[in-house]
Amino acid sequence: MARLNSPEELENFRQEILSKRDPQAPCISICAGAGCIASGAAEVITAFKAELAKQGLTTAVDTKGTGCPGFCERGPVVVIYPEEICYLQVTPEDVPEIVSQTIKEKKVVDRLLYVDPATGEKAIHESDISFYKNQERNIIGSNIKIDPKSIEDYLAIGGYSALVKVLSGMTAEQVLAEVKKSNLRGRGGAGFPTGIKWEGTRNAPEPVKYVIVNADEGDPGAFMDRALLEGNPHSILEGLIIGAYAIGAHEGYIYVRQEYPLAVENINLAIEQAEAYGLLGKNILDSGFDFKVIVHQGAGAFVCGESTALMTALEGRVGEPRPKYVRSNIKGLWERPSVLNNVETWANVPLIINKGADWFTQIGTESSKGTKIFSLVGKITNTGLVEVPMGITLKDIIYKIGGGIPEGKKFKAVQTGGPSGGCIPEEQLDLKVGFDELTKAGSMMGSGGMIVMDEDTCMVDVARYFIHFLTDESCGKCVPCREGLRQMHKILTNITEGKGKTGDIETLEELSEVAKEASLCALGKSAPNPFLSTLHYFRDEYEAHVKEKRCPALSCKELISYYIDPAKCQACMICARKCPAEAIDGGKNRIHVIDQEKCTNCGTCFEVCPPRFRAVKKISGEPVPAPVSEEERIISRKSKEK
Ligand SMILES: Cc1cc2nc3c(=O)[nH]c(=O)nc-3n(C[C@H](O)[C@H](O)[C@H](O)COP(=O)(O)O)c2cc1C
Ligand code: FES
């Protein structure tokens, strides 16, 4: 790799790369994101290489392990260019057919296409799949086109052209003005205006300043930042270099959790490559601007995603939050002005510089501009990463992109904003996604977790689950969070176990108030959200648990019972054989009965009873019907078979 000494040299190098690539030549892109690797993508890549060699196509066809395009649930995902034919759940056994049919004969392998569950129609191209069709993938869309380990691939799709634009013709003030004009708001949590944050740091008198990437991503179920770092690390580096130039920083840090080994590997490699080409280091592209980046691996504490805790951890101390008497963009890392932005925030910067603030502000709502990546998980047909324009409704995300709720179940709520976010009910499905809109609805944008819940989800148990997570993750430094959350968790557990008492809801409200008002950091301040939002929208469920010892969703184990309906039981013995507690009595001609003393409420009988019988019943808040007499349990198989 030769150092590039000016913007012109970089552009010439890009042209040289492009001149060696034929856009019409076949290229097989195989997602090598963590999700697809877990479903066997590495074996698929090996199989493609072997098959291409076997069929004498190694030089004619390019194979690429790429970043995650988002549809992880249907991985390994394979896209064949230039036709953009998309195959899902590809196995090594499918590879010979793909090479013979699609690469050689230009024929589509029908059985590997996406089939729309609603219409039964097959989608050949990625852009025809309902999951992708309704997205606007400005940031994540490049993932499937490039090998994240290749800087040349990034350059080939126009990478580092925003940096060239900045270093060859924009002053730091102009860059800052463009970012401010774009109204870009931080994608990591609070939605703070990025330009204003940068301006504060730039104008701070202390000459040594820092820029930091927050890639801690501690929210359970969230993997947006991981996919960007793994799949397109140069885009984040490019944004960071531009930010550092605008602010006047010469040192940057990437704080990434250790549990993301592929992200760590790819970002380290990207830094090495950028250094080798002179895009990092001294006198970048002959601009006189120096900038270096250091990767710091976090040990995986949720609280370390909080700005002051993250900076304390970067300083080499225990990652605990500190009071923000002065904002960290003025007094942050080593008490110096420091801009901390989320991975996705940084990834937006090159786009804003390249396409302009006016382009960016055309997307989104009045107060939330651009797109947002969500990790759509839970009780939803299409699980994965989705990038949508701000202002899209929750309904469109869940039904048009997510494909609705599986197994014909009813939608109940969607949880947004990570563990300290809130649950939004069905009545609010027309809500437009935006920072202020979600906060108004009692939730928040957070960094982009979106967990869909169906009718079988107990909202009290959801609150208990998240408060438990936050109790565990509280750093313990301040009492309202450490003790308050612990008490909240105890009371919520009692309620879900049928030990709730009058006054519990009021105590929970009081503890929430104190945690919100008096906690040191935003972990404690926002921790009551899961309780408060579920209480607001689902108070009847709390009351049913406390007053009637009933779980309306039939989910809380201690509040439900199973019994076998004698009118429906066919004495098939399936449940009796499968019951791990040996709690079912019955024989070939004897209606089965569950011994309530032995039953552990594991639900196995409910799951295994054949759907055509549906003899096992689940109830809550009512007594189990008395079993029928011994004589009535004996069944004549002939009469049953009729
Ligand atoms: C407990 C807690 C955890 C957080 N975790 C993250 C995180 O994992 N990633 C992130 O970008 N922001 C996280 N934040 C928000 C950060 O404190 C900060 O606001 C954000 O990184 C700023 O970047 P942005 O302006 O680009 O959003 C967390 C906040 C709290 C209170
Ligand atoms: S990891 Fe392959 S689609 Fe997400």
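Things to note:
- Helices (runs of 4 or more DSSP H) wholly inside region 1-84 that include at least 3 residues being surrounded by fewer than 20 Cβ atoms within 10 Å (Cβ to Cβ) and out of contact with any Asp or Glu (no Cβ under 8 Å at 6 or more places or on another chain): 7-19, 41-54
- For the residues 175, 108, 179, 164, the requirement of being buried (at least 17 other Cβ atoms within 10 Å of the Cβ), β-branched (Val, Ile, Thr) and outside any helix (DSSP H, G or I) singles out 108.
- Annotation: residue 328 fulfils all but one of (1) in contact with a strand residue (DSSP E or B) (Cβ under 7 Å, 6 or more places away or on another chain); (2) touching a residue at least 24 places away in the same chain (Cβ under 8 Å); (3) more than 24 Å from residue 70 (Cα to Cα); the unmet one is (2).
- Picking from residues in region 140-152 that are surrounded by 23 or more Cβ atoms within 10 Å (Cβ to Cβ) and outside any helix (DSSP H, G or I), the one that is modelled with the highest pLDDT is 148.
- Filter pass, residue 134 being modelled with pLDDT under 95 and away from ligand 2 (no atom under 16 Å from the Cβ): yes
- Check on residue 527, touching a Ser or Thr at 6+ places or on another chain (Cβ under 6 Å), buried (at least 22 other Cβ atoms within 10 Å of the Cβ) and not assigned by TED's automatic domain parsing to the domain that holds residue 382: yes
- Residues satisfying the stated conditions in region 429-470, i.e. of a type in the set (Ser, Thr, Tyr) and assigned to a loop (DSSP other than H, G, I, E, B): 443, 447, 457
- Counting only helices (runs of 4 or more DSSP H) that sit wholly inside region 499-569, those with at least 2 residues that are more than 16 Å from ligand 1 (Cβ to nearest atom) are 504-518, 529-548.
- Checked across region 451-464, the condition of being of a type in the set (A, V, I, L, M) and over 17 Å from residue 421 (Cα atoms) holds for no residue.
- Among helices (runs of 4 or more DSSP H) entirely within region 233-324, having at least 3 residues that are among the hydrophobic types (A, V, I, L, M, F, W, C) and closer than 29 Å to residue 475 by Cα singles out 261-276, 307-314.
- Residue among 244, 263 that alone is buried (at least 18 other Cβ atoms within 10 Å of the Cβ), at pLDDT 95 or above, in contact with a Gly (Cβ under 6 Å, 6 or more places away or on another chain) and of a type in the set (Gly, Ala, Ser): 244
- Scanning region 590-637 for residues that are farther than 24 Å from residue 548 by Cα, not in a loop (DSSP other than H, G, I, E, B) and not acidic (Asp, Glu) turns up 590, 591, 592, 593, 604, 605, 608, 633, 634, 637.
- The condition of being in the same structural domain as residue 245 (by TED's automatic domain parsing), crowded, with 24+ Cβ neighbours inside 10 Å and either without any contact (Cβ under 8 Å) to a residue 12 or more places away in the chain or among the charged types (D, E, K, R) (or both) holds for residue 185.
- Test for residue 229: is it under 27 Å from residue 311 (Cα atoms), of a type outside the set (Ser, Thr, Tyr) and away from ligand 1 (no atom under 14 Å from the Cβ): no
- Condition check for residue 377: closer than 23 Å to residue 213 by Cα and surrounded by 21 or more Cβ atoms within 10 Å (Cβ to Cβ): no
- Hits in region 25-66 - residues which are in contact with a Phe, Trp or Tyr (Cβ under 9 Å, 6 or more places away or on another chain), without any contact (Cβ under 8 Å) to a residue 60 or more places away in the chain and more than 20 Å from residue 89 (Cα to Cα): 25, 61, 62
- Some residue of region 343-365 being over 22 Å from residue 182 (Cβ atoms), part of a loop (DSSP other than H, G, I, E, B) and either of a type in the set (Lys, Arg) or within 28 Å of the chain's Cα centre (by Cα) (or both): no
Results for (1) crowded, with 18+ Cβ neighbours inside 10 Å; (2) at pLDDT 95 or above; (3) acidic (Asp, Glu), shown as yes or no for each residue.
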| position | (1), (2), (3) |
| --- | --- |
| 542 | yes, yes, no |
| 562 | yes, yes, no |
| 575 | yes, yes, no |
| 579 | yes, yes, no |
| 582 | no, yes, yes |
| 586 | yes, no, no |
| 590 | no, no, no |
| 605 | yes, yes, no |
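- For region 367-391, the tally of residues that are more than 20 Å from residue 537 (Cβ to Cβ) and either free of Cβ contacts under 8 Å to residues at least 60 places away in the same chain or among the small types (Gly, Ala, Ser) (or both) stands at 7.
- Residue that is nearest to ligand 1 (Cβ to nearest atom), among those in region 67-102 that are free of Cβ contacts under 8 Å to residues at least 40 places away in the same chain and more than 27 Å from residue 381 (Cα to Cα): 102
- Of the criteria (1) of a type outside the set (A, V, I, L, M); (2) under 28 Å from residue 139 (Cα atoms); (3) modelled with pLDDT under 95; (4) touching a Ser or Thr at 6+ places or on another chain (Cβ under 8 Å), which one residue 342 fails: (3)
- Taking the listed residues 316, 298, 281, 288, the one that is farther than 19 Å from residue 158 by Cα and within 14 Å of ligand 1 (Cβ to nearest atom) is 298, with no other qualifying.
- Failed criterion for residue 118 (all others in (1) aliphatic (A, V, I, L, M); (2) assigned to a loop (DSSP other than H, G, I, E, B); (3) within 30 Å of residue 278 (Cβ to Cβ) hold): (3)
- Residue under evaluation residue 293, criteria (1) away from ligand 1 (no atom under 15 Å from the Cβ); (2) over 20 Å from residue 151 (Cβ atoms), criterion not met: (2)
- Residue under evaluation residue 72, criteria (1) over 15 Å from residue 141 (Cα atoms); (2) modelled with pLDDT under 95, criterion not met: (1)
The values are calculated or read from the model by the stated rules, or taken from the named source; none is laboratory data. Note that the structure is a prediction, hence the values are computed from the model and not measured. No Cβ is skipped: glycine too gets one built from the backbone with ideal geometry, and neighbour counts run over all protein chains shown.
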